[in-house]
Amino acid sequence: MSKLVIQDLPPIEIEGHASSRAGGPDHPMRAATRRAAGLDTVGWTGELRDEVETYFDGLASEWNARTSPQRTAIVMDALTRGLDAVHPARGLAVEVGSGTGAYSHLIAERFARVVAIDLSLAMLKLAPNAPARRVQGDGARLPLGDVSAAAIVLINAFLFPGEIERVLSPDGVVLWVNSSGEHTPIYLSVEDLVAALPGEWTGVSSRAGEGHWCVLRRA
């Protein structure tokens, strides 16, 4: 079982940021999150994958309306305080669940290359062509080689521990962001996140506004 060795950094305030309060234990995407992470014995199935794809295809046309300066500030905090604390390599970053690409340019400022992967083709069609390379794919079967990624970035996105174990380089990092903290539909606590990942992990965690993030690397 993974050992939890995470340093909590002081929280920061983000003026004007309010939780969407859209998610909770009964939200269908919360259940899907736990199944993807292997925290529910049912697991990630083809039927669930199709349900998630249909769900996000239906949200694509209004997805960009969900971004805000406050949400961007949460991601920026993770990319600055979080990454500065663990000093990752500047190789390939894999943004899983990239949606319409609202944060890909921020990731590209910290890594040499970015591949942005999403299950929803409707989302990808609305994303900019640069700076990330856009790929439709299932996070449970990433179209990437073994130990090829310096970072796997999950911003309100599903965690697939087996693929992280396979794709992440030995000194790579996992960056996890919940923009509305516990009220994010796709949410895991830091404890559940670390417990789901194979092996032992260390890193940093903090809150920014109502959001919650952590950056992990193998211990």
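The values are calculated or read from the model by the stated rules, or taken from the named source; none is laboratory data. Keep in mind it's a predicted model, so treat the numbers as computed, not measured. Cβ atoms come from the backbone with ideal geometry, glycine included; neighbour counts cover every protein chain shown. For accessibility, only protein heavy atoms count, side chains too; no ligands or nucleic acids. Shrake-Rupley method; radii C 1.70, N 1.55, O 1.52, S 1.80 Å.
Have a look at GLY101, GLY82 and point out the one that is in a loop (DSSP other than H, G, I, E, B) and either touching a strand residue (DSSP E or B) at 6+ places or on another chain (Cβ under 8 Å) or among the acidic types (Asp, Glu) (or both).
Just a single option satisfies the conditions, and that option is GLY101.
Criterion first (among the acidic types (Asp, Glu), open to solvent by less than 30 Å² (accessible area, probe 1.4 Å) and touching a residue at least 40 places away in the same chain (Cβ under 8 Å)) does GLU95 satisfy it?
yes
On the basis of being in contact with a helix residue (DSSP H, G or I) (Cβ under 7 Å, 6 or more places away or on another chain) and either modelled with pLDDT of 95 or more or open to solvent by 30 Å² or more (accessible area, probe 1.4 Å) (or both), does LEU79 make the cut?
Spelling it out, LEU79 is indeed in contact with a helix residue (DSSP H, G or I) (Cβ under 7 Å, 6 or more places away or on another chain) and either modelled with pLDDT of 95 or more or open to solvent by 30 Å² or more (accessible area, probe 1.4 Å) (or both).
May I ask you to list pairs of residues, at least six apart or on different chains, whose Cβ atoms are under 9 Å apart, with the first in region 195-219 being under 13 Å from PRO170 (Cβ atoms) and touching a residue at least 60 places away in the same chain (Cβ under 8 Å) and the second being of a type in the set (Asp, Glu) and assigned to a strand (DSSP E or B)?
ARG217/ASP171
Report whether or not ARG134 is in a strand (DSSP E or B) and without any contact (Cβ under 8 Å) to a residue 60 or more places away in the chain.
When the stated conditions are applied, ARG134 passes them.
Write out, first by first residue and then by second, each pair whose Cβ atoms fall under 7 Å of each other, whose residues are 6+ apart or on separate chains, and whose first residue, in region 76-91, is within 18 Å of PRO170 (Cα to Cα) while the second is open to solvent by 50 Å² or more (accessible area, probe 1.4 Å) and assigned to a loop (DSSP other than H, G, I, E, B).
LEU83/ARG110; ARG90/ALA112; GLY91/ALA112
So which residues in region 4-17 are open to solvent by 50 Å² or more (accessible area, probe 1.4 Å) and either closer than 26 Å to LEU216 by Cα or out of contact with any Gly (no Cβ under 9 Å at 6 or more places or on another chain) (or both), if there are any at all?
Passing the criteria: LEU4, VAL5, GLN7, ASP8, PRO10, PRO11, ILE12, GLU13.
Within region 104-125, can you find the residues that are of a type outside the set (Asp, Glu), more than 16 Å from VAL174 (Cα to Cα) and surrounded by 15 or more Cβ atoms within 10 Å (Cβ to Cβ)?
Of everything in region 104-125, those that are of a type outside the set (Asp, Glu), more than 16 Å from VAL174 (Cα to Cα) and surrounded by 15 or more Cβ atoms within 10 Å (Cβ to Cβ) turn out to be LEU119, SER120, ALA122, MET123, LEU124.
From the list ALA32, ALA36, which residue is surrounded by 17 or more Cβ atoms within 10 Å (Cβ to Cβ), of a type in the set (A, V, I, L, M), more than 16 Å from SER206 (Cα to Cα) and in contact with an Asp or Glu (Cβ under 9 Å, 6 or more places away or on another chain)?
On inspection, the qualifying residue turns out to be ALA32.
Report every pair of residues separated by at least 6 positions or lying on different chains whose Cβ atoms are under 9 Å apart, first residue within region 32-52 and assigned to a loop (DSSP other than H, G, I, E, B), second of a type in the set (Phe, Trp, Tyr) and modelled with pLDDT under 95.
Nothing qualifies.
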